[in-house]
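Structure first, commentary second.
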Amino acid sequence: MLGLYLNKPGDLEMKVLPSSSFLKEDEVKVKLIYGGICGSDIGAYKGKLPYVSYPIRPGHELLGTIIEAGKDTNYTVGTKVVIAPNSFCGECDLCVKGKTNICRHKQSLGVNTDGGFSEEFVISSKYVLPIPDGLSDERAVLIEPFAVIVHAFKKVAITTGTSVAVIGCGTEGMLAIALATYLGAQVTAIDISQEKLDKVKSFGDIRTAHPGDIRDETFEVVIEAAGVKQSVEQAMEIASPGGSVLLIGLTPEANFPVVRVVRNELTLYGSIIYHFPADFSQTLEYLKQDDFYVEPIISEIISFKEYKRAYEMAASGKYGKIILSFKEEHRQ
């Protein structure tokens, strides 16, 4: 079978990989349909993630169809599934407390164990979620990245009329904008890229602004999704007294205005990935709603054989989500 392989930073190639001929009793073999290129995939490609285990097969936003199932699984051949790419042991102190998303023994596809950017891959049935008939592949492939936002939003109160600022309009930022808008919030999208700001306007009545445009104004909930020092610091500055700052992006460090946090009783939340399957199931419920608008998030669907062009587009920062297609009609 064909698959992508990241030998070292900057050295991504397509290789003929061995197809697994033996399944453990709890495993399924999945034929990939779509794979989304994530920011962490680009970080691994550029060598900016210090915890990547090279060489490695990338890819963790995965949608496919089960083509073989071990005898102890509850799934049948032909079932369409989305993949939870982060493992959890279920036994460490954090897992026992229900914090499986920060399991002490967590492994992540495409980071420290081989991912799924290949025609077929094998995974424990513990980490698959069936997709109902009627949900398009283009919406289903968003379940994993959107679950990050669904999990994060459980930490803050966003209802009709809540003033929300989203800093950073990449994929996660756009998903946050989509959900906050759906919940009835008054959303301000902030980014340095006018191209991204123009794109998010399609979500509805969204106010857009460059970082320097926000002066003497505060918001009840501020969502930081850019993952850069300056945006984290701005998030602290524009949170209303009694408000919440929700950090989703990853940056090594930022200056922390302790006096402002204390005097204004700000609440700071960090949020990483999700709980599986609960957050995936909730995400699926949103995506099943016809009036939940996410179409602008995917910029282009490209054959996996054109992976170089796809990665270049994803790395440019000028586009929304780039999807690799493993469908037959995209393989030529």
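Compute the angle between helix 307-316 and the longest alpha-carbon principal axis of the chain, please, reported from 0 to 90 degrees and rounded to the nearest 10.
Helix 307-316 sits at roughly 10 degrees to that axis.
So how much accessible area does residue 193 have, in Å² to the nearest 10, using a 1.4 Å probe?
30 Å²
Just to make sure I understand: if all protein chains stay in place, what is the order of 291, 133 by accessible area at 1.4 Å, largest first? Present the calculation step by step, with values, prior to reporting the outcome.
Details: 291 110, 133 155 Å².
Result, largest first: 133, 291.
In whole Å, what three semi-axes, largest first, describe the equivalent ellipsoid of the chain built from its Cα gyration tensor (square root of 5 times each eigenvalue)?
34, 21, 20
Once you mark the trypsin sites (Lys or Arg not before Pro) that are in a DSSP loop and have at most 15 other Cβ atoms within 10 Å, what is the longest gap between them in the chain? Intermediate values should be presented prior to the final figure.
On the way: sites that count: 24, 48, 71, 97, 99, 104, 154, 155, 215, 288, 318, 327, 331.
By the stated rule (loop sites, at most 15 other Cβ atoms within 10 Å), 216-287.
Mind pulling the angle between the C-alpha long axis of helix 171-182 and the longest principal axis of the chain? Nearest 10 degrees, somewhere in 0 to 90.
Taking the Cα atoms of the chain, the angle to 171-182 is about 60 degrees.
Quick one: among 259, 294, 28, which has the greatest mean-square fluctuation in a GNM of the chain with alpha-carbon springs under 10 angstrom?
Result: 259 has the largest fluctuation of those listed.
Eigenvalues of the Cα gyration tensor times 5, then square-rooted: what semi-axes does that give for the stretch 1-67, in whole angstrom, largest first? Could the numbers behind the result be given before it?
On the way: eigenvalues 113, 37, 27 Å².
Those come to 24, 14, 12 Å.
Which value, in debye to the nearest 20, describes the size of the charge dipole of the chain about its Cα centre when Lys and Arg Cβ atoms bear +1, Asp and Glu Cβ atoms bear -1, and nothing else is charged? Don't skip to the answer; put the middle values down first.
Numbers: 34 positive and 42 negative charges, 124 e Å.
Dipole about the Cα centre, nearest 20: 600 debye.
Taking the Cβ-Cβ separation of residue 93 and residue 216 as r and a Förster radius of 41 Å, what is the calculated FRET efficiency to the nearest 0.05?
Numbers: r = 45 Å, r/R0 = 1.11.
Plugging the Cβ-Cβ distance into 1/(1 + (r/R0)^6) gives 0.35.
Give the calculated FRET efficiency between residue 104 and residue 278 to the nearest 0.05, with a Förster radius of 22 Å applied to their Cβ-Cβ distance.
Values: r = 20 Å, r/R0 = 0.91.
That pair, residue 104 with residue 278, gives E of 0.65.
Kindly provide the GluC sites (Glu not before Pro) of the stretch 193-265 that DSSP labels as loop, not H, G, I, E or B, and whose Cβ sees at most 15 other Cβ atoms within 10 Å. Write down the numbers at each step before the final one.
On the way: sites: 195, 217, 220, 224, 233, 237, 253, 265; in loops: 217, 253, 265.
Answer by residue number: 217, 253, 265.
Just to be sure I understand: with springs between alpha-carbon atoms less than 10 Å apart, which residue in 169, 92, 103 has the highest mean-square fluctuation in the Gaussian network model of the chain?
92
What is the magnitude of the charge dipole of the stretch 224-323 about its Cα centre, with +1 placed on the Cβ of each Lys and Arg, -1 on the Cβ of each Asp and Glu, and no other charges, expressed in debye to the nearest 20?
Numbers: 9 positive and 13 negative charges, 70 e Å.
Approximately 340 debye in magnitude.
How many lysine pairs are close in the stretch 1-56, with Cα atoms under 27 Å apart and the two 8 or more places apart or on different chains?
9
Grab the Cα-Cα distance for residue 262 and residue 303, subtract it from 0.36 nm times how many residues apart they are, and report the gain in nm with one decimal. Spell out each step's value before the answer.
Numbers: separation 41, 0.36 × 41 = 14.76 nm, distance 5.10 nm.
Length difference between fully extended and current span is 9.7 nm.
The values are calculated or read from the model by the stated rules, or taken from the named source; none is laboratory data. It should be emphasised that the depicted structure is a prediction, and the values quoted were computed from it without experimental measurement. Because the Cβ atoms are built from the backbone with ideal geometry, glycine has one as well, and the counts that use them run over all protein chains shown. Accessible surface areas use protein heavy atoms only, side chains included; no ligands, DNA or RNA. Shrake-Rupley method; radii C 1.70, N 1.55, O 1.52, S 1.80 Å.
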